[in-house]
Amino acid sequence: MAPQPSQLFSIVPGSTEPIYRQLVDQVRRLVAGGQLAPGDALPSVREVALQLAVNPMTVSKAYGLLELESLLERRRGIGMIVADRPAGSGGASAAGERLALLRPTLERAAREARELELDPDTVLSLFKTILKESP
């Protein structure tokens, strides 16, 4: 059974980043982080659109892009599932993928820290504290 969209996805409607892109990035992170494993079914386009109050075409676009990347695959009677990872896609390359997904977030945080004229050591100390906090 597919997880509920409200448990998987969250969007920021006022963001400069388009909603479909937010969904694509979230699926990439969930797969890279292991919260979604190969063979896991994703909620239907209709379910996601209803839960997030977005146009179904937006969700369909996100799923379609992920299918083109071979991250998702369409299965008759099931819908979209997480595709099997190619052999040899573990270890260092998987860690590199996860770091690449994190980089844009860290770049935004670094830009904000510079705008606030915060000392880099203070920012790093805060980040380390946040990393150690329970989710």
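The values are calculated or read from the model by the stated rules, or taken from the named source; none is laboratory data. All of these numbers come straight from a predicted model, not from anything done at the bench. Neighbour counts are summed over all protein chains in view; Cβ atoms, including those assigned to glycine, are modelled from backbone coordinates with ideal geometry. For accessibility, only protein heavy atoms count, side chains too; no ligands or nucleic acids. Shrake-Rupley method; radii C 1.70, N 1.55, O 1.52, S 1.80 Å.
Identify, from the list Val27, Val59, the residue that is touching a helix residue (DSSP H, G or I) at 6+ places or on another chain (Cβ under 7 Å), open to solvent by less than 80 Å² (accessible area, probe 1.4 Å) and at pLDDT 95 or above.
On the way: Val27 fails: at pLDDT 95 or above.
The unique qualifying residue is Val59.
Of the residues Val45, Val82, Val54, only one is β-branched (Val, Ile, Thr), open to solvent by 20 Å² or more (accessible area, probe 1.4 Å) and touching a Pro at 6+ places or on another chain (Cβ under 8 Å); which?
Val45
Looking at the stretch 99-135, which of its residues are open to solvent by 100 Å² or more (accessible area, probe 1.4 Å) and among the acidic types (Asp, Glu)?
Listed by number, the residues that qualify are Glu112, Glu115, Glu117, Asp121, Glu133.
Quick one: count up the residues across the stretch 72-92 that are at pLDDT below 85 and of a type in the set (D, E, K, R).
Number of matching residues: 1.
Give me the pairs: first residue in the stretch 104-124 and closer than 22 Å to Val24 by Cβ, second residue open to solvent by 90 Å² or more (accessible area, probe 1.4 Å) and not in a helix (DSSP H, G or I), beta-carbon distance under 6 Å, and six or more apart or on different chains, which are they?
Pairs found: none.
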